[in-house]
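Notes follow once the structure below has been shown.
Where a number appears in this text, it was derived from the coordinates with a stated rule and is not lab data. Treat the numbers as computed from the prediction; the structure is a model and nothing was measured. Quick reminder, even Gly has a Cβ in these numbers, built from the backbone with ideal geometry, and neighbours come from all protein chains shown.
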Amino acid sequence: MARIASRCTNLRELDISYCYEVSHESLVLIGRNCPNLKVLRRNLMNWLDPSQHEGVVPSEYLNACPQEGDSEAAAIGKYMPRLEHLEIRFSKLTAKGLTSICDSCPDLMHLDLSGCANLTSRDIVKATSNLKNPKEIIKPNFYIPRSVFHTERYGHWRLYDERFQTDVFRI
């Protein structure tokens with residue numbers, strides 16, 4: 001990745017989707033050496049439903065390259081401030097990581113967060129509020145059962161409130 005980044009300084013678009021051996025250090029190298037980068041696609045496989053990639057990609061490969069969502073987000077935010085289009089589907093980033101991207105990349109117009117299960121609607125609205133001209137923000141569109149989070153009794157209502165911003169079902 002270092003060789004590509006150092007030799008492709010005029011790179012404007014990069015798709016490193018499903019490349020699990022690309023780390024946040026690689027993203028730093030790309031950002032430092034490719035100042036004209038406008039489009040980054042860093043989509044990952046659906047970690048919530050492994051059956052979608054069973055038989056296609058060995059589990060040992062995916063497990064050997066754990067993805068660090070917030071570290072990657074920090075690298076994107078710090079070293080790729082001119083991004084206009086970012087796809088990070090099924091990233092494990094949190095509100096902290098999304099905020100670092102949105103605060104440092106104010107020109108983002110397209111942001112795809114499909115499958116980012118660690119984000120709530122509230123997190124996304126808050127983080128993207130400083131973007132200059134957002135045209136399309138694709139949010140995660142699924143509900144995660146409370147058993148996944150091991151919440152306390154009736155905790156699923158709190159989770160539902162966070163995800164969908166409603167007080168209707170509050171007990």
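Of I88, I76, I101, I124, all but one fail to be more than 20 Å from L14 (Cβ to Cβ) and surrounded by 18 or more Cβ atoms within 10 Å (Cβ to Cβ); the exception is I124. A search for C-beta distances below 6 Å between a residue of region 74-101 that is touching a residue at least 12 places away in the same chain (Cβ under 8 Å) and any residue that is among the polar types (S, T, N, Q) and in a helix (DSSP H, G or I), counting only pairs 6+ apart in sequence or on different chains, returns A74/S100; G77/S100; G77/S104; P81/S104. Scanning region 16-36 for residues that are more than 24 Å from N46 (Cα to Cα), outside any loop (DSSP other than H, G, I, E, B) and either out of contact with any helix residue (DSSP H, G or I) (no Cβ under 6 Å at 6 or more places or on another chain) or of a type outside the set (G, A, S) (or both) gives V28, L29, I30, R32, N33. Condition first: part of a loop (DSSP other than H, G, I, E, B) and surrounded by fewer than 13 Cβ atoms within 10 Å (Cβ to Cβ). Now tell me which residues in region 1-15 satisfy that. If the condition is that a residue be part of a loop (DSSP other than H, G, I, E, B) and surrounded by fewer than 13 Cβ atoms within 10 Å (Cβ to Cβ), then T9, N10, R12 are the ones that fit.
All conditions in (1) more than 17 Å from the chain's Cα centre (by Cα); (2) touching a residue at least 60 places away in the same chain (Cβ under 8 Å) hold for I4, with the sole exception of (2). Mind listing whichever residues of region 115-131 are out of contact with any Lys or Arg (no Cβ under 7 Å at 6 or more places or on another chain) and within 15 Å of S100 (Cα to Cα)? Result: L119, D123, V125, K126, A127, T128, S129, N130, L131.
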